[in-house]
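Accompanying notes for the structure given below.
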Amino acid sequence: LFGTPFGFCFFSTLHGNSSIKAHSGPMNLRLRVHLPLVTPALKSARDTTHRPTTGIRVADQTREWHEGSALVLDDSYVHEVWNDSEESRVILLLDLWHPDVRMEEREKITNMFNYARGKGWIGG
């Protein structure tokens, strides 16, 4: 997060009976951490669907949210989230450098972003 030109850290609330459609991040320079802080109760044992009450699908992998258990993902893959409960789901999102990006590459990428910011081409 620190020292990344694209790093974000924010809370995300997904209200009950809502979703964020499938999308992908703009680059694979980062990993995104999702730390669930508030998750709705799980579906009852009588529920016959295989989709979790609240969850995330990244490519072909689906995960259920569990309070305090972080998920780390490469958001350049197509992903979607949903909350099929009546309650809100709240997570803390933060970005980290992708570990495959070497230090020399990180410095050059940071310089590129700083140059573009100095020219007024991007905000910040």
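The values are calculated or read from the model by the stated rules, or taken from the named source; none is laboratory data. Computed from a prediction, not measured in an experiment: that's the story for all the values here. With ligands, DNA and RNA removed, areas are computed over all heavy atoms of the protein, side chains included. Shrake-Rupley method; radii C 1.70, N 1.55, O 1.52, S 1.80 Å.
Can you tell me how the chain classifies by the Cα gyration tensor, rounded, prolate or oblate, using a/c under 1.5 as the rounded cut?
It is prolate, given that a/c is not under 1.5 and a/b is the larger ratio.
Which of these, Arg102, Arg57, Arg32, has the largest mean-square fluctuation under a Gaussian network model of the chain (Cα springs below 10 Å)?
Arg102
Per-residue accessible area for Phe10 at 1.4 Å probe radius, Å² rounded to 10?
Solvent-accessible area, nearest 10 Å²: 80 Å².
Rounded to the nearest 10 Å², what accessible area does Glu87 have for a 1.4 Å probe in the complete protein model?
Approximately 100 Å² for this residue.
Cα axis of helix 103-118 to longest principal axis of the chain: angle in degrees, 0 to 90, nearest 10?
Relative to the chain, helix 103-118 is tipped by roughly 80 degrees.
Between Arg30 and residues 5 or more places away or on another chain, which pairs have amide H atoms under 5 Å apart, with H built 1.01 Å from N, and which residues are they?
Those qualifying (amide H under 5 Å, at least 5 residues apart or on another chain) are His98.
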